[in-house]
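Before any comments, here is the structure.
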Amino acid sequence: MKNTLVLKVNPDKPEKEIMQISAGIIKKGGIVAFPTETVYGLGADAFNPKAVRALFEAKKRPLDNPPIIHIEKTADLYKLARNVPPETELLMKCFWPGPLTLVLKRLRAVPEVTVAGLDTVAVRAPKHQVALALIRESGCPIAAPSANLAGKPSPTTAAHVLEDLNGRIDAILDAGPTRVGVESTVLDMSTSPPQILRPGGTTLEVLCKVLGNVKLHPFVAADKEIAIGESRSPGMKHKHYAPKAKLILVEGNISAVAEKINEIADVYRQKGCKVGILSTDENETKYEGAVVKSLGSRFNLDAIAQNLFRLLREFDAESVEVIIAEGLPSEGIGLAVMNRLRKASGYNIIMAMK
Ligand code: TXA
Ligand code: MG
């Protein structure tokens, strides 16, 4: 067991001394959890194979699923990637720093373990002063998967990180809750046209505006499990975002959804299960006899994304055994939210129609 150091830090103006302490840990090959604009990441020196191995171990992550490498300046991309297609510069100009991860052909200089033996590398510049200061002070790109135990919902607060990783990592920088709430969009630039491997904080709609042509990997919008052979991103084949409770997702027409959820809730209550309902403001009063939590208004998908992982963890904390969740619109950041909910359900999806 390690003694995990908790360092409070100002999200907008990170204290120099705190950043030097945490960068010192990274430089020595240690592991530091830090906030980004999306979720908390678990960082190690991307060029230190031993540190990256320890990173995988700390979060019990399978070695075939590589982390994203976080950089401060766009120029640093060229220390990691080769054959960078011309439209990449435009994307970096429009969306960095921000929740967009670019998959590119990698340079040999990047250690094998950091890229899980792949010939590509996933890179992004996070839009958070603490993350940027940590990279700058450490003087190296930082490999960072989300700071949760593998398979669990990503952490949007330092408390979530501690819940999963207290005693397993060296330090955590606590700068309060993250803004976006779901992870970055992973865009594969090594194929033409570029392909979204994971929807996230940068929407398909804005990427289409800039690139003209963007493909969605079939897995991204899938409402069923797709064979492993078809997955391009290693992360696709691993269980993800799952609370301890069983999750059932009910999609379809909004009023039919509420009715169906009440029906399913009854069945589980009769079996003696503690039932939770993941609702939206518009439907909240339609449910009773269950732990009801609202993600926010259906007309504010940004707020819904921000609340998603926190509420999934709250159901676990209240020992809910079955969570029944409302489906949401798949536009904008809703696509990322629905992708997480579908994966969290293990594709246990029920269609409600009227
Ligand atoms: O917002 C985020 O992206 C957060 C914060 C901490 O930056 N990070 C994050 O990392 O979500 P992680 O490791 O939980 O997810 C990285 C995803 C995984 O699905 C992984 O399979 C994929 O990126 N990935 C990494 N390298 C890849 C590569 N070379 N090719 C395709 N997919 C890759
Ligand atoms: Mg993750």
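The values are calculated or read from the model by the stated rules, or taken from the named source; none is laboratory data. Since the structure is predicted, the reported quantities are computational estimates derived from the model, not experimental observations. So basically every Cβ, Gly included, is an ideal-geometry build from the backbone, and we count neighbours across all protein chains shown.
Report, by residue number, each residue of segment 58-100 that is hydroxyl-bearing (Ser, Thr, Tyr) and either within 16 Å of ligand 2 (Cβ to nearest atom) or touching a helix residue (DSSP H, G or I) at 6+ places or on another chain (Cβ under 9 Å) (or both).
Passing the criteria: Thr74, Thr88.
Among the numbered conditions (1) within 13 Å of ligand 1 (Cβ to nearest atom); (2) crowded, with 22+ Cβ neighbours inside 10 Å; (3) part of a loop (DSSP other than H, G, I, E, B); (4) of a type outside the set (A, V, I, L, M, F, W, C), tell me where Pro14 comes up short.
That leaves (1) as the condition not met.
For residues that are away from ligand 2 (no atom under 16 Å from the Cβ) and among the small types (Gly, Ala, Ser), scanning just segment 175-228, find the one that is surrounded by the most Cβ atoms within 10 Å (Cβ to Cβ).
It comes out as Ala175.
Looking at Asn65, Asn83, can you tell me which residue is in contact with a Pro (Cβ under 6 Å, 6 or more places away or on another chain) and either of a type in the set (Asp, Glu) or not in a helix (DSSP H, G or I) (or both)? Walk me through it before giving the result.
Details: Asn83 fails: in contact with a Pro (Cβ under 6 Å, 6 or more places away or on another chain).
Going through Asn65, Asn83 in turn, just one is in contact with a Pro (Cβ under 6 Å, 6 or more places away or on another chain) and either of a type in the set (Asp, Glu) or not in a helix (DSSP H, G or I) (or both): Asn65.
Name, by its number, the condition in (1) touching a Lys or Arg at 6+ places or on another chain (Cβ under 7 Å); (2) assigned to a loop (DSSP other than H, G, I, E, B) that does not hold for Arg179.
(1) is the only condition that Arg179 fails.
For every residue, the table says whether it meets (1) surrounded by 17 or more Cβ atoms within 10 Å (Cβ to Cβ); (2) at pLDDT 95 or above.
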residue: Glu37; (1), (2): yes, yes
residue: Asp45; (1), (2): yes, yes
residue: Pro62; (1), (2): no, no
residue: Glu72; (1), (2): yes, yes
residue: Lys93; (1), (2): no, yes
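Please count how many residues of segment 101-114 are away from ligand 2 (no atom under 16 Å from the Cβ) and within 21 Å of the chain's Cα centre (by Cα). Break it down stepwise before answering.
First, the residues of segment 101-114 that are away from ligand 2 (no atom under 16 Å from the Cβ): 102, 104-113.
Subset that is within 21 Å of the chain's Cα centre (by Cα): 102, 104, 113.
Residues flagged as away from ligand 2 (no atom under 16 Å from the Cβ) and within 21 Å of the chain's Cα centre (by Cα) within segment 101-114 amount to 3.
Return the pair list, or none, for Cβ contacts closer than 7 Å from residues in segment 28-41 that are of a type in the set (A, V, I, L, M) to residues that are more than 8 Å from ligand 1 (Cβ to nearest atom) and assigned to a loop (DSSP other than H, G, I, E, B), at least 6 apart or on different chains.
Ile31/Ile169; Ile31/Asp170; Val32/Asp170; Ala33/Ile169; Val39/Pro155; Val39/Thr156; Val39/Thr178
Of everything in segment 121-165 that's of a type in the set (S, T, N, Q) and away from ligand 2 (no atom under 16 Å from the Cβ), which residue is farthest from Arg179 (Cα to Cα)?
Applying the filter and picking the extreme gives Ser138.
May I ask you to say which residue of Glu326, Glu318, Glu314 is surrounded by fewer than 23 Cβ atoms within 10 Å (Cβ to Cβ) and more than 18 Å from the chain's Cα centre (by Cα)?
Glu318
I need the full set of residues from segment 111-127 which are surrounded by fewer than 22 Cβ atoms within 10 Å (Cβ to Cβ) and assigned to a loop (DSSP other than H, G, I, E, B), in order please.
If the condition is that a residue be surrounded by fewer than 22 Cβ atoms within 10 Å (Cβ to Cβ) and assigned to a loop (DSSP other than H, G, I, E, B), then Pro111, Ala116, Gly117, Leu118, Asp119, Lys127 are the ones that fit.
Within segment 140-174, track down each residue that is part of a loop (DSSP other than H, G, I, E, B), surrounded by fewer than 23 Cβ atoms within 10 Å (Cβ to Cβ), on the phi < 0 side of the Ramachandran plot and of a type in the set (Gly, Ala, Ser).
The one that is part of a loop (DSSP other than H, G, I, E, B), surrounded by fewer than 23 Cβ atoms within 10 Å (Cβ to Cβ), on the phi < 0 side of the Ramachandran plot and of a type in the set (Gly, Ala, Ser): Ala150.
Just checking, which of Arg82, Arg106 is over 26 Å from Arg168 (Cβ atoms), modelled with pLDDT of 95 or more, within 10 Å of ligand 1 (Cβ to nearest atom) and of a type in the set (Lys, Arg)?
Just one listed residue meets the conditions, Arg106.
Inside segment 1-57, can you point out the residues that are closer than 16 Å to Ala159 by Cα, in contact with an Asp or Glu (Cβ under 9 Å, 6 or more places away or on another chain) and more than 16 Å from ligand 2 (Cβ to nearest atom)?
Asn3, Thr4, Leu5, Val6, Leu7, Lys8, Val9, Val32, listed by residue number.
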